[in-house]
Amino acid sequence: MTLDLPTHVASARHDELIATLPADFRFGVATSAYQIEGAVAEDGRTPSIWDTLCRVPGAIDNGDTGDVACDHYHRMPEDVALMRGLGLDTYRFSVAWPRVQPHGRGPANPAGLAFYDRLVDELLGQGITPWLTLYHWDLPQELEDSGGWPVRDTAYRFADYAELVHDRLGDRVAHWTTFNEPWCSAMLGYVEGVHAPGRRNFQDGVAAVHHLHLAHGLAARRLRAAARGPIDLAVTHILGNTTPATDSDLDREAARRADALGFRFYLDPVLRGSYPADLVADLAARGVEIPVRDGDLEIISTPIDTLGVNFYRSFKASGTAEDGSTTTPDGLPVTRGVPVGGLPTTYLDWEVMPDDFADLLTRISRDYPGVPMVITENGAAYDDEPDATGFVADADRTEYLAAHLAAVAEARTRGADVRGYLLWSLLDNFEWAYGYDKRFGIVRVDYDTQARTPKQSALWLRDTITAHRARHA
Ligand code: IFM
């Protein structure tokens, strides 16, 4: 099929930039367990906090749940074959903790582990590198019942779980990511209450961040010690810039606060071994504390090999004359800023800002030098219109992806050590509180039949990879 790309996607600038990507640059896709697997009550899996939230009336658009999702649990070989057909070299997936260690502690569930065993073998058989994420938000409900991430013990439970998965898959999987987007787990889950477990308490959210960091460090140490061969240890953070809305002191101060709470809170402890002093002071002013104990920061800053960067958008921040802070009416801090304005948006109203992406990657490489990055997520939801055959000519998504891949290449020319681009997402899937209406896939899923149809964006990616390989052959 020939692609009918918007002219600026096929432009010389994009082609020229993409041509600068090195021969070993990774091209892949990402998914997560709860968003695609379905089979939530099969083979010994127990409920996660998302199964529970999906049962709360009004929590998820249309009352959608992950019960069936893309039925990937039963269609995994077909999905791996799809990836192979697109020429992808890397697949980022997550393991469902309640599937492999149903009580969040204690023995492994062999039937659950067997699924990931088969997945890894299938990927390797098709020449695709498995990139495993241990935690993409599906905490076993039993651990939430014991307090969840605000409780320190959960970090130790995670380290045990990580080792248990590594025992089974460590002989074939070299790429291990501990967490996907701790900001979302902590701030959306425990502060804003829009993600599982749906709690709203700032102190709990801050404690959750610390315990997610601690869990990452504990697991990183265990996996490094257990590795039988080369291991690539990573953690993935969702990151964006926050710039002042104007040059006023109030706006600059609001941007500093948002950057401390939404960006440096995540990278500083892992990559510098400390929490930002200004953040600690901001929190203290609200009577909130990070529950750090002696030795925690050493554990948290255990060296990693790769930083996973997920990028969707950035914000601007403005302060108010009243309190100089950014606060919701019920007194919770706003951990994101406001839209920049004047930019195209996706179906989720998220602003499309590839230039900012290049700036973000440049900033990370400048402020946290020495750690290679891989883009572990980037993509867009659009209001797809399938034709009679199920094909979606998603010029908007294609354009988005081309522009963001070019931004990665641009950042590389400025010195950012970015080694791969794993786009979000292979399939349309369960987009958390938005349910199934917001589609991020480059492959359309017909939820009535579970038929998969690659969209124009998938064909663009395939052709980009083919061209990249040909250039370096
Ligand atoms: O679907 C999510 C994914 O689970 C985590 N990162 C952002 C994506 C789009 O919202």
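Key figures for this structure:
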{"read-out": "Within the accessible area of segment 33-100 (1.4 Å probe), percent carbon and sulfur", "value": "54"}
{"read-out": "Only Lys, Arg (+1) and Asp, Glu (-1) charged, at Cβ; segment 34-125 dipole about Cα centre in debye", "value": "300"}
{"read-out": "By accessible area with a 1.4 Å probe, ligands and nucleic acids excluded, highest first: order of K455, K438, K316", "value": "K316, K438, K455"}
{"read-out": "Rg ratio (alpha-carbon, reference 2.2 N^0.38 Å) - segment 158-247", "value": "1.32"}
{"read-out": "Förster-model FRET efficiency, 22 Å R0, H74 and Q126, C-beta, rounded to 0.05", "value": "0.75"}
{"read-out": "Accessible-area composition of segment 356-473, carbon plus sulfur, in percent [1.4 Å probe]", "value": "48"}
{"read-out": "Modelled FRET efficiency - R0 22 Å, E289 with R200, Cβ distances, 0.05 increments", "value": "0.75"}
{"read-out": "Relative contact order (%) - segment 31-168, alpha-carbon pairs under 8 angstrom, separation at least six", "value": "30"}
{"read-out": "Hydrodynamic radius of segment 390-431 per Kirkwood, over alpha carbon pairs, in Å", "value": "12.1"}
{"read-out": "M187 accessible area, assembled protein chains, probe 1.4 Å, Å²", "value": "0"}
{"read-out": "Gap separating the Cα centres of segment 438-473 and segment 135-166, nearest whole Å", "value": "34"}
{"read-out": "Theoretical FRET efficiency, 1/(1+(r/R0)^6), r = Cβ-Cβ of D305 and R13, R0 30 Å, to 0.05", "value": "0.40"}
{"read-out": "For the chain, accessible area per residue (1.4 Å probe, heavy atoms of protein chains only), Å²", "value": "36"}
{"read-out": "P(r) of segment 44-125 over all Cα-Cα pairs, binned every 5 Å from zero, in whole percent", "value": "3, 13, 19, 20, 17, 15, 10, 3, 0"}
{"read-out": "Tail weight of P(r) past 26 Å, computed on alpha-carbon pairs of segment 95-214, percent", "value": "23"}
{"read-out": "Burial ranking of peptide ranges 34-40, 210-216, 252-258, 273-279 (average Cβ count within 10 Å, highest at the top)", "value": "210-216, 34-40, 252-258, 273-279"}
{"read-out": "D_trans [Stokes-Einstein, Kirkwood Rh over alpha-carbon pairs] for the chain, 10 °C, 1.306 mPa s, µm² s⁻¹", "value": "70"}
{"read-out": "Mean Cα-pair separation over length for segment 206-296, i.e. relative contact order, pairs under 8 Å, 6 or more apart, %", "value": "30"}
{"read-out": "Relative contact order (%) - criterion: Cα under 8 Å, at least six apart; region: the chain", "value": "18"}
{"read-out": "Gain upon complete extension [Y368, E385; 0.36 nm per residue less C-alpha separation]", "value": "1.9 nm"}
{"read-out": "For D160, net neighbour charge (Lys/Arg +1, Asp/Glu -1) across residues whose Cβ lies under 13 Å away", "value": "+1"}
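The values are calculated or read from the model by the stated rules, or taken from the named source; none is laboratory data. The structure presented is a predicted model; accordingly, all values stated were derived computationally and were not measured. Here the Cβ is made from the backbone with ideal geometry for all residues, glycine too, and neighbour counts use every protein chain on show. The accessibility values were calculated without ligands, DNA or RNA, using every heavy atom of the protein model including side chains. Shrake-Rupley method; radii C 1.70, N 1.55, O 1.52, S 1.80 Å.
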